[in-house]
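The values are calculated or read from the model by the stated rules, or taken from the named source; none is laboratory data. This structure is a prediction, so every number in the text was calculated from the model and none was measured. Using ideal geometry, Cβ is built from the backbone for each residue, glycine included, and neighbour counts are taken over all protein chains shown. These area figures cover heavy atoms from the full protein model, side chains too; ligands, DNA and RNA do not enter into them. Shrake-Rupley method; radii C 1.70, N 1.55, O 1.52, S 1.80 Å.
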Amino acid sequence: MEKVLVTVSQAGDGTFWCHTEADVYCGGLNSAGDTVKAAKDDLQVCLEDARADFIERGGTPYDVEFEYKYDLQSFFEYFSFLNVTDIARRAGINPSLMRQYARGIKTAGEKTYARLSACMAEITKELSAASFR
């Protein structure tokens, strides 16, 4: 199985875009939608079309697994059940500033992304360890 990194970002017009960081079936894949889910669904359609073309040209198909890298706007649109303010507090980021990042009003720097990444890793770890009785 080939793992392919996909960048998910919000465009200036409010639409969301996905694009592969590597070629898949002899080319890069790009998709768009009004929501992140719509863009991801469109990416699956692009993958199936590329796979069919590849097979038609005599290629041997292979399995592809997408791994997603989000900008802040796309992340909080897709994972809308997460509370931006609470995550900001957990990450040590000013909640008001974080809401501006999430809306695309301001752009977060590398240090902010590193803090958020560490925070999300900790949340993932906590959720993985949780269970219900």
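Scanning the stretch 90-114 for residues that are farther than 15 Å from residue 76 by Cβ and charged (D, E, K, R) turns up 110, 111.
Considering 95, 61, the condition of being of a type outside the set (Ser, Thr, Tyr), under 24 Å from residue 1 (Cα atoms) and in contact with a helix residue (DSSP H, G or I) (Cβ under 8 Å, 6 or more places away or on another chain) is satisfied by 61 alone. Against the numbered list (1) open to solvent by 30 Å² or more (accessible area, probe 1.4 Å); (2) in contact with a Leu (Cβ under 6 Å, 6 or more places away or on another chain); (3) of a type in the set (Phe, Trp, Tyr), residue 101 comes up short only at (1). On inspection, residue 57 fails the criterion of being within 17 Å of residue 117 (Cα to Cα) and open to solvent by 80 Å² or more (accessible area, probe 1.4 Å).
Conditions (1) under 30 Å from residue 103 (Cα atoms); (2) without any contact (Cβ under 8 Å) to a residue 40 or more places away in the chain; (3) within 12 Å of the chain's Cα centre (by Cα), marked per residue:
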| residue | (1), (2), (3) |
| --- | --- |
| 3 | yes, no, no |
| 8 | yes, no, yes |
| 13 | yes, yes, no |
| 26 | no, yes, no |
| 30 | yes, yes, no |
| 36 | yes, no, yes |
| 52 | no, yes, no |
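Of the residues 24, 45, 8, 4, the single one that is farther than 30 Å from residue 105 by Cα and open to solvent by less than 30 Å² (accessible area, probe 1.4 Å) is 24.
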